[in-house]
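In what follows, a single structure is set out as C-alpha coordinates and then discussed.
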Amino acid sequence: MDAEEEQMPAQYGQFQQAMAKYLNQQNNLVTLCSTTILSRTPGTTIKCSVDAFEWKITAVFRMLAYGCPADPTDEYFKIGESTTIESLKRFCRAVVDEFTGEYLRSPNATDVARLLCIGKDRGFSEMLGSLDCMHWKWKNYPTAWAGQYAGRSGSPAIILEAVADYDLWIWHAYFGLPGTNNDINVLEASHLFSNLAKGIAHSAHYVIQGKEYNMGYYLVDGIYQKWSTLVQTIHDPRCPKKKLFAMKQEVCRKDVERAFGVLQSQFAFLAGPARFWHKHILHDIMTTCIIMHNMIIADERDVTASIEDHMEAPTPEVEMVLDENTRFQQFLVRHRGIRDKYAHIALRNALIDHLWDEYTNSDN
(Lines give C-alpha, C1' and ligand atoms only; values in the text may rest on other atoms or scores of the structure.)
Protein backbone atom coordinates (compact mmCIF):
# COMPACT_ATOMS: atom_id res chain seq x y z
CA MET A 1 0.00 0.00 0.00
CA ASP A 2 2.88 2.36 0.75
CA ALA A 3 4.42 1.75 -2.67
CA GLU A 4 1.11 2.58 -4.33
CA GLU A 5 0.83 5.78 -2.34
CA GLU A 6 4.33 6.79 -3.45
CA GLN A 7 3.42 6.28 -7.11
CA MET A 8 0.16 8.21 -6.87
CA PRO A 9 1.68 11.74 -6.76
CA ALA A 10 3.70 11.10 -9.93
CA GLN A 11 0.66 9.72 -11.73
CA TYR A 12 -1.50 12.61 -10.57
CA GLY A 13 1.23 15.03 -11.64
CA GLN A 14 1.26 13.67 -15.18
CA PHE A 15 -2.53 13.74 -15.30
CA GLN A 16 -2.65 17.31 -14.00
CA GLN A 17 -0.10 18.45 -16.59
CA ALA A 18 -2.06 16.86 -19.41
CA MET A 19 -5.34 18.26 -18.09
CA ALA A 20 -3.83 21.72 -17.65
CA LYS A 21 -2.58 21.67 -21.24
CA TYR A 22 -5.97 20.55 -22.51
CA LEU A 23 -7.84 23.18 -20.50
CA ASN A 24 -5.42 25.88 -21.65
CA GLN A 25 -6.07 24.98 -25.30
CA GLN A 26 -9.79 24.78 -24.62
CA ASN A 27 -9.83 28.19 -22.92
CA ASN A 28 -7.87 29.73 -25.78
CA LEU A 29 -10.30 28.26 -28.29
CA VAL A 30 -13.34 29.35 -26.31
CA THR A 31 -12.00 32.88 -25.86
CA LEU A 32 -11.11 33.12 -29.53
CA CYS A 33 -14.46 31.81 -30.74
CA SER A 34 -16.49 33.88 -28.31
CA THR A 35 -15.01 37.06 -29.76
CA THR A 36 -15.45 36.02 -33.38
CA ILE A 37 -18.68 34.01 -33.47
CA LEU A 38 -20.95 36.09 -31.27
CA SER A 39 -22.90 38.76 -33.06
CA ARG A 40 -22.36 42.16 -31.54
CA THR A 41 -25.99 43.06 -31.17
CA PRO A 42 -26.60 46.34 -29.32
CA GLY A 43 -28.31 45.89 -25.98
CA THR A 44 -27.44 42.18 -25.63
CA THR A 45 -26.70 41.20 -22.03
CA ILE A 46 -23.65 39.15 -21.01
CA LYS A 47 -25.78 36.17 -19.99
CA CYS A 48 -27.55 36.05 -23.32
CA SER A 49 -24.22 36.36 -25.14
CA VAL A 50 -22.78 33.39 -23.26
CA ASP A 51 -25.88 31.30 -23.96
CA ALA A 52 -25.81 32.33 -27.61
CA PHE A 53 -22.15 31.35 -27.86
CA GLU A 54 -22.84 27.91 -26.39
CA TRP A 55 -25.70 27.31 -28.81
CA LYS A 56 -23.72 28.49 -31.82
CA ILE A 57 -20.56 26.55 -31.02
CA THR A 58 -22.58 23.39 -30.34
CA ALA A 59 -24.37 23.77 -33.66
CA VAL A 60 -21.02 24.22 -35.43
CA PHE A 61 -19.51 21.09 -33.87
CA ARG A 62 -22.67 19.15 -34.66
CA MET A 63 -22.32 20.05 -38.32
CA LEU A 64 -18.63 19.15 -38.47
CA ALA A 65 -18.81 15.96 -36.40
CA TYR A 66 -22.05 14.47 -37.71
CA GLY A 67 -22.21 16.03 -41.17
CA CYS A 68 -25.73 17.31 -40.69
CA PRO A 69 -26.90 20.37 -42.66
CA ALA A 70 -27.47 23.72 -40.99
CA ASP A 71 -31.26 23.75 -41.20
CA PRO A 72 -32.03 20.90 -38.69
CA THR A 73 -30.13 22.74 -35.94
CA ASP A 74 -33.20 24.94 -35.54
CA GLU A 75 -35.00 22.01 -33.91
CA TYR A 76 -32.32 21.56 -31.24
CA PHE A 77 -30.90 25.02 -30.60
CA LYS A 78 -33.56 27.41 -31.94
CA ILE A 79 -30.97 28.95 -34.26
CA GLY A 80 -31.75 29.88 -37.83
CA GLU A 81 -29.98 28.29 -40.77
CA SER A 82 -28.23 31.50 -41.81
CA THR A 83 -26.95 32.08 -38.26
CA THR A 84 -25.52 28.56 -38.05
CA ILE A 85 -23.77 28.91 -41.40
CA GLU A 86 -22.29 32.27 -40.43
CA SER A 87 -21.11 30.80 -37.11
CA LEU A 88 -19.41 27.93 -38.95
CA LYS A 89 -17.60 30.35 -41.26
CA ARG A 90 -16.38 32.51 -38.37
CA PHE A 91 -15.33 29.52 -36.28
CA CYS A 92 -13.28 27.98 -39.09
CA ARG A 93 -11.65 31.29 -39.97
CA ALA A 94 -10.70 31.86 -36.32
CA VAL A 95 -9.21 28.37 -35.90
CA VAL A 96 -7.18 28.69 -39.10
CA ASP A 97 -5.79 32.09 -38.11
CA GLU A 98 -4.94 31.08 -34.55
CA PHE A 99 -3.74 27.46 -34.68
CA THR A 100 -2.21 26.89 -38.13
CA GLY A 101 1.25 27.86 -36.92
CA GLU A 102 1.23 25.19 -34.22
CA TYR A 103 -0.89 22.33 -35.52
CA LEU A 104 -0.25 22.54 -39.27
CA ARG A 105 3.38 23.55 -39.26
CA SER A 106 6.28 22.14 -41.22
CA PRO A 107 8.46 19.70 -39.25
CA ASN A 108 11.22 21.39 -37.29
CA ALA A 109 14.60 19.81 -36.49
CA THR A 110 13.21 17.86 -33.52
CA ASP A 111 10.23 16.63 -35.53
CA VAL A 112 12.45 15.53 -38.42
CA ALA A 113 14.76 13.68 -36.04
CA ARG A 114 11.82 11.82 -34.48
CA LEU A 115 10.30 10.96 -37.88
CA LEU A 116 13.62 9.62 -39.14
CA CYS A 117 14.04 7.53 -36.00
CA ILE A 118 10.54 6.04 -36.30
CA GLY A 119 11.06 5.31 -39.99
CA LYS A 120 14.31 3.54 -39.23
CA ASP A 121 12.59 1.27 -36.71
CA ARG A 122 9.97 0.36 -39.33
CA GLY A 123 12.60 -0.69 -41.85
CA PHE A 124 12.72 2.47 -43.98
CA SER A 125 15.71 4.45 -42.86
CA GLU A 126 15.16 8.22 -42.99
CA MET A 127 11.51 8.05 -44.12
CA LEU A 128 9.56 11.24 -43.37
CA GLY A 129 6.04 9.90 -43.97
CA SER A 130 3.66 8.84 -46.73
CA LEU A 131 2.06 11.02 -49.41
CA ASP A 132 -1.30 10.66 -51.14
CA CYS A 133 -4.40 12.57 -52.29
CA MET A 134 -8.08 12.51 -51.31
CA HIS A 135 -11.05 13.74 -53.36
CA TRP A 136 -13.86 15.65 -51.62
CA LYS A 137 -17.07 15.63 -53.66
CA TRP A 138 -18.46 19.12 -54.30
CA LYS A 139 -22.26 19.27 -54.41
CA ASN A 140 -23.01 23.00 -54.66
CA TYR A 141 -20.47 23.81 -57.36
CA PRO A 142 -20.96 26.63 -59.89
CA THR A 143 -22.43 25.10 -63.04
CA ALA A 144 -19.80 26.74 -65.23
CA TRP A 145 -17.09 24.85 -63.34
CA ALA A 146 -18.69 21.40 -63.67
CA GLY A 147 -16.40 20.17 -66.43
CA GLN A 148 -13.27 21.56 -64.81
CA TYR A 149 -13.91 19.91 -61.44
CA ALA A 150 -15.41 16.59 -62.62
CA GLY A 151 -13.06 13.90 -61.36
CA ARG A 152 -12.63 10.24 -62.17
CA SER A 153 -16.04 9.44 -60.66
CA GLY A 154 -17.76 11.93 -62.98
CA SER A 155 -18.86 14.19 -60.12
CA PRO A 156 -17.15 17.53 -59.36
CA ALA A 157 -14.60 17.24 -56.56
CA ILE A 158 -11.75 19.13 -54.91
CA ILE A 159 -8.43 17.43 -54.15
CA LEU A 160 -6.56 17.35 -50.84
CA GLU A 161 -2.87 16.38 -50.89
CA ALA A 162 -1.50 15.35 -47.50
CA VAL A 163 1.54 13.85 -45.79
CA ALA A 164 0.97 11.77 -42.65
CA ASP A 165 3.26 9.85 -40.31
CA TYR A 166 2.78 6.67 -38.30
CA ASP A 167 0.87 8.53 -35.58
CA LEU A 168 -1.52 9.89 -38.26
CA TRP A 169 -0.33 13.46 -37.66
CA ILE A 170 -0.83 15.39 -40.90
CA TRP A 171 2.29 17.46 -41.60
CA HIS A 172 1.37 18.84 -45.00
CA ALA A 173 -2.01 19.72 -46.51
CA TYR A 174 -2.59 21.29 -49.92
CA PHE A 175 -6.25 21.72 -50.83
CA GLY A 176 -8.06 23.37 -53.71
CA LEU A 177 -7.16 21.91 -57.11
CA PRO A 178 -10.00 20.69 -59.36
CA GLY A 179 -10.84 17.01 -59.44
CA THR A 180 -9.77 16.64 -63.07
CA ASN A 181 -6.14 16.74 -61.93
CA ASN A 182 -4.27 13.61 -60.98
CA ASP A 183 -1.82 13.18 -58.13
CA ILE A 184 1.13 14.22 -60.30
CA ASN A 185 -0.46 17.57 -61.21
CA VAL A 186 -1.29 18.23 -57.58
CA LEU A 187 2.29 17.53 -56.50
CA GLU A 188 3.62 19.86 -59.19
CA ALA A 189 1.37 22.66 -57.92
CA SER A 190 1.84 22.10 -54.19
CA HIS A 191 4.55 23.57 -51.98
CA LEU A 192 5.71 20.26 -50.47
CA PHE A 193 9.27 20.48 -51.78
CA SER A 194 9.51 24.25 -52.18
CA ASN A 195 11.43 24.83 -48.94
CA LEU A 196 13.74 21.94 -49.75
CA ALA A 197 14.48 23.44 -53.17
CA LYS A 198 15.10 26.84 -51.58
CA GLY A 199 17.52 25.31 -49.09
CA ILE A 200 15.62 26.38 -45.98
CA ALA A 201 14.11 23.00 -45.06
CA HIS A 202 15.53 20.68 -42.42
CA SER A 203 17.32 17.90 -44.28
CA ALA A 204 19.49 15.04 -43.06
CA HIS A 205 22.69 13.29 -44.06
CA TYR A 206 22.48 9.51 -43.71
CA VAL A 207 24.00 6.35 -45.14
CA ILE A 208 22.19 3.32 -46.61
CA GLN A 209 24.23 0.38 -47.90
CA GLY A 210 27.38 2.48 -47.91
CA LYS A 211 25.92 5.33 -49.98
CA GLU A 212 25.33 8.82 -48.61
CA TYR A 213 22.03 10.70 -49.00
CA ASN A 214 21.08 14.19 -47.90
CA MET A 215 17.30 14.32 -48.41
CA GLY A 216 14.52 12.43 -46.67
CA TYR A 217 11.82 10.73 -48.71
CA TYR A 218 8.10 9.90 -48.72
CA LEU A 219 6.38 6.64 -49.59
CA VAL A 220 3.94 6.94 -52.51
CA ASP A 221 1.90 4.75 -54.85
CA GLY A 222 2.73 3.94 -58.45
CA ILE A 223 1.21 7.00 -60.13
CA TYR A 224 3.88 9.38 -58.86
CA GLN A 225 7.01 10.19 -60.80
CA LYS A 226 10.40 8.70 -60.05
CA TRP A 227 11.93 11.45 -57.90
CA SER A 228 14.75 11.11 -55.42
CA THR A 229 12.40 12.20 -52.62
CA LEU A 230 9.68 9.64 -53.44
CA VAL A 231 9.84 5.85 -53.03
CA GLN A 232 7.31 3.70 -54.89
CA THR A 233 6.45 0.05 -54.59
CA ILE A 234 7.40 -2.59 -57.15
CA HIS A 235 4.61 -3.92 -59.32
CA ASP A 236 4.69 -7.66 -59.88
CA PRO A 237 7.90 -8.34 -57.92
CA ARG A 238 9.70 -11.53 -58.89
CA CYS A 239 12.54 -12.25 -56.48
CA PRO A 240 12.12 -12.61 -52.67
CA LYS A 241 14.03 -9.38 -52.01
CA LYS A 242 11.66 -7.31 -54.12
CA LYS A 243 8.61 -9.10 -52.74
CA LEU A 244 9.71 -8.21 -49.20
CA PHE A 245 10.30 -4.58 -50.17
CA ALA A 246 6.91 -4.29 -51.90
CA MET A 247 5.12 -5.75 -48.89
CA LYS A 248 6.89 -3.43 -46.42
CA GLN A 249 6.40 -0.36 -48.61
CA GLU A 250 2.69 -0.97 -49.13
CA VAL A 251 2.16 -1.51 -45.40
CA CYS A 252 3.92 1.70 -44.37
CA ARG A 253 2.33 3.70 -47.20
CA LYS A 254 -1.10 3.05 -45.69
CA ASP A 255 -0.38 5.62 -42.96
CA VAL A 256 -1.76 8.51 -45.02
CA GLU A 257 -4.79 6.47 -46.11
CA ARG A 258 -5.49 5.62 -42.47
CA ALA A 259 -5.20 9.33 -41.69
CA PHE A 260 -7.80 10.13 -44.35
CA GLY A 261 -10.14 7.50 -42.93
CA VAL A 262 -9.76 8.73 -39.37
CA LEU A 263 -10.21 12.35 -40.48
CA GLN A 264 -13.48 11.55 -42.23
CA SER A 265 -14.76 9.40 -39.37
CA GLN A 266 -14.02 12.14 -36.83
CA PHE A 267 -15.55 14.86 -39.01
CA ALA A 268 -18.39 13.36 -41.05
CA PHE A 269 -18.79 16.73 -42.78
CA LEU A 270 -15.78 15.73 -44.92
CA ALA A 271 -17.21 12.29 -45.70
CA GLY A 272 -20.26 13.74 -47.43
CA PRO A 273 -20.46 16.15 -50.35
CA ALA A 274 -19.42 19.75 -49.75
CA ARG A 275 -22.43 22.05 -49.52
CA PHE A 276 -20.91 25.51 -49.94
CA TRP A 277 -20.51 27.60 -53.06
CA HIS A 278 -17.17 29.27 -52.41
CA LYS A 279 -13.82 27.47 -52.42
CA HIS A 280 -12.25 29.64 -49.73
CA ILE A 281 -14.96 28.56 -47.28
CA LEU A 282 -14.34 24.90 -48.11
CA HIS A 283 -10.61 25.52 -47.67
CA ASP A 284 -11.19 26.94 -44.18
CA ILE A 285 -13.42 24.00 -43.24
CA MET A 286 -10.91 21.41 -44.46
CA THR A 287 -8.01 23.15 -42.73
CA THR A 288 -10.00 23.46 -39.49
CA CYS A 289 -10.81 19.75 -39.47
CA ILE A 290 -7.15 18.87 -40.07
CA ILE A 291 -6.04 21.19 -37.26
CA MET A 292 -8.53 19.68 -34.81
CA HIS A 293 -7.51 16.20 -35.98
CA ASN A 294 -3.89 17.03 -35.11
CA MET A 295 -5.04 18.40 -31.75
CA ILE A 296 -6.61 15.03 -31.00
CA ILE A 297 -3.46 13.20 -32.12
CA ALA A 298 -1.29 15.44 -29.94
CA ASP A 299 -3.51 14.75 -26.93
CA GLU A 300 -3.71 10.97 -27.40
CA ARG A 301 -0.38 10.16 -29.04
CA ASP A 302 1.57 9.62 -25.80
CA VAL A 303 -1.00 7.07 -24.64
CA THR A 304 -1.83 5.14 -27.80
CA ALA A 305 1.32 5.20 -29.94
CA SER A 306 3.27 1.97 -29.97
CA ILE A 307 6.47 3.88 -30.72
CA GLU A 308 5.96 6.32 -27.89
CA ASP A 309 9.60 6.02 -26.84
CA HIS A 310 10.47 8.26 -29.78
CA MET A 311 8.25 11.11 -28.63
CA GLU A 312 11.24 12.35 -26.67
CA ALA A 313 13.77 10.51 -28.79
CA PRO A 314 17.41 11.58 -28.70
CA THR A 315 18.82 13.05 -31.85
CA PRO A 316 19.49 10.15 -34.23
CA GLU A 317 22.83 9.56 -35.86
CA VAL A 318 22.28 12.03 -38.67
CA GLU A 319 23.67 15.49 -39.22
CA MET A 320 20.91 18.10 -39.42
CA VAL A 321 21.56 20.79 -42.01
CA LEU A 322 19.87 24.18 -42.36
CA ASP A 323 21.12 26.05 -45.40
CA GLU A 324 20.00 29.69 -45.58
CA ASN A 325 21.51 30.40 -49.01
CA THR A 326 18.88 30.79 -51.69
CA ARG A 327 20.98 31.72 -54.69
CA PHE A 328 19.45 30.93 -58.01
CA GLN A 329 22.12 28.46 -59.14
CA GLN A 330 21.90 26.55 -55.90
CA PHE A 331 18.12 26.50 -56.23
CA LEU A 332 18.40 24.94 -59.69
CA VAL A 333 20.81 22.30 -58.43
CA ARG A 334 18.51 21.36 -55.55
CA HIS A 335 15.47 21.41 -57.84
CA ARG A 336 17.14 19.01 -60.27
CA GLY A 337 18.28 16.85 -57.37
CA ILE A 338 14.71 16.41 -56.15
CA ARG A 339 13.57 15.22 -59.60
CA ASP A 340 16.58 12.98 -60.27
CA LYS A 341 15.28 9.67 -61.65
CA TYR A 342 18.61 7.88 -61.29
CA ALA A 343 18.86 8.90 -57.63
CA HIS A 344 15.35 7.50 -57.14
CA ILE A 345 16.35 4.13 -58.61
CA ALA A 346 19.57 4.02 -56.57
CA LEU A 347 17.69 4.84 -53.35
CA ARG A 348 15.05 2.18 -53.97
CA ASN A 349 17.68 -0.46 -54.74
CA ALA A 350 19.55 0.47 -51.58
CA LEU A 351 16.36 0.14 -49.54
CA ILE A 352 15.63 -3.25 -51.11
CA ASP A 353 19.06 -4.52 -50.08
CA HIS A 354 18.78 -2.89 -46.65
CA LEU A 355 15.41 -4.50 -45.88
CA TRP A 356 16.62 -7.88 -47.11
CA ASP A 357 19.75 -7.70 -44.95
CA GLU A 358 17.66 -6.86 -41.91
CA TYR A 359 15.27 -9.72 -42.68
CA THR A 360 18.00 -12.32 -43.16
CA ASN A 361 19.94 -11.16 -40.09
CA SER A 362 16.93 -11.10 -37.77
CA ASP A 363 16.39 -13.84 -35.23
CA ASN A 364 12.95 -14.60 -36.66
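Some points to look at:
- In segment 59-115, the residue that is surrounded by the fewest Cβ atoms within 10 Å (Cβ to Cβ) out of those that are more than 23 Å from Asn195 (Cα to Cα) and of a type in the set (Asp, Glu) is Glu75.
- So Leu244, is it surrounded by fewer than 22 Cβ atoms within 10 Å (Cβ to Cβ) and at pLDDT 90 or above: yes
- Test: Glu86 is over 18 Å from Ile291 (Cβ atoms), at pLDDT 85 or above, out of contact with any helix residue (DSSP H, G or I) (no Cβ under 8 Å at 6 or more places or on another chain) and in a helix (DSSP H, G or I): yes
Conditions (1) in a loop (DSSP other than H, G, I, E, B); (2) modelled with pLDDT of 75 or more; (3) hydroxyl-bearing (Ser, Thr, Tyr), marked per residue:
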| position | (1), (2), (3) |
| --- | --- |
| Thr326 | yes, no, yes |
| Arg334 | no, no, no |
| Gly337 | no, yes, no |
| Ala346 | no, yes, no |
| Asn349 | no, yes, no |
| Asp353 | no, yes, no |
| Tyr359 | no, yes, yes |
| Asn364 | yes, no, no |
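- Some residue of segment 288-299 being among the acidic types (Asp, Glu), within 22 Å of Gly151 (Cα to Cα) and at pLDDT 50 or above: no
- Flag if Lys120 is buried (at least 17 other Cβ atoms within 10 Å of the Cβ) and in a helix (DSSP H, G or I): yes
- Members of segment 120-140 that are free of Cβ contacts under 8 Å to residues at least 60 places away in the same chain and out of contact with any helix residue (DSSP H, G or I) (no Cβ under 6 Å at 6 or more places or on another chain): His135
- Within segment 271-287, the set of residues being modelled with pLDDT of 95 or more and either buried (at least 20 other Cβ atoms within 10 Å of the Cβ) or over 24 Å from Ala146 (Cα atoms) (or both) comprises Leu282, Asp284, Ile285, Met286, Thr287.
- Among the candidates Asp167, Asp183, the residue that is crowded, with 20+ Cβ neighbours inside 10 Å and not aliphatic (A, V, I, L, M) is uniquely Asp167.
- Sole exception among (1) part of a strand (DSSP E or B); (2) touching a Gly at 6+ places or on another chain (Cβ under 7 Å) for Met134, by number: (2)
- Checked against (1) closer than 21 Å to Ile223 by Cβ; (2) more than 16 Å from the chain's Cα centre (by Cα), Val163 meets all criteria but (2).
- When Gly151, Gly101, Gly147, Gly129 are checked against the criterion of being closer than 26 Å to Phe175 by Cα and at pLDDT below 85, Gly151 stands alone in meeting it.
- Looking across segment 270-286, the residues that are in contact (Cβ under 8 Å) with a residue 24 or more places away in the chain, out of contact with any strand residue (DSSP E or B) (no Cβ under 7 Å at 6 or more places or on another chain) and part of a helix (DSSP H, G or I) come down to Ile281, Asp284, Ile285.
- Taking helices (runs of 4 or more DSSP H) as the structural unit, those lying wholly within segment 162-269 and holding at least 1 residues that are farther than 24 Å from Arg334 by Cβ, without any contact (Cβ under 8 Å) to a residue 40 or more places away in the chain and out of contact with any Gly (no Cβ under 9 Å at 6 or more places or on another chain) correspond to 240-266.
- Selection count, segment 94-117, where residues are of a type in the set (Lys, Arg) and part of a helix (DSSP H, G or I): 1
The values are calculated or read from the model by the stated rules, or taken from the named source; none is laboratory data. Treat the numbers as computed from the prediction; the structure is a model and nothing was measured. So basically every Cβ, Gly included, is an ideal-geometry build from the backbone, and we count neighbours across all protein chains shown.
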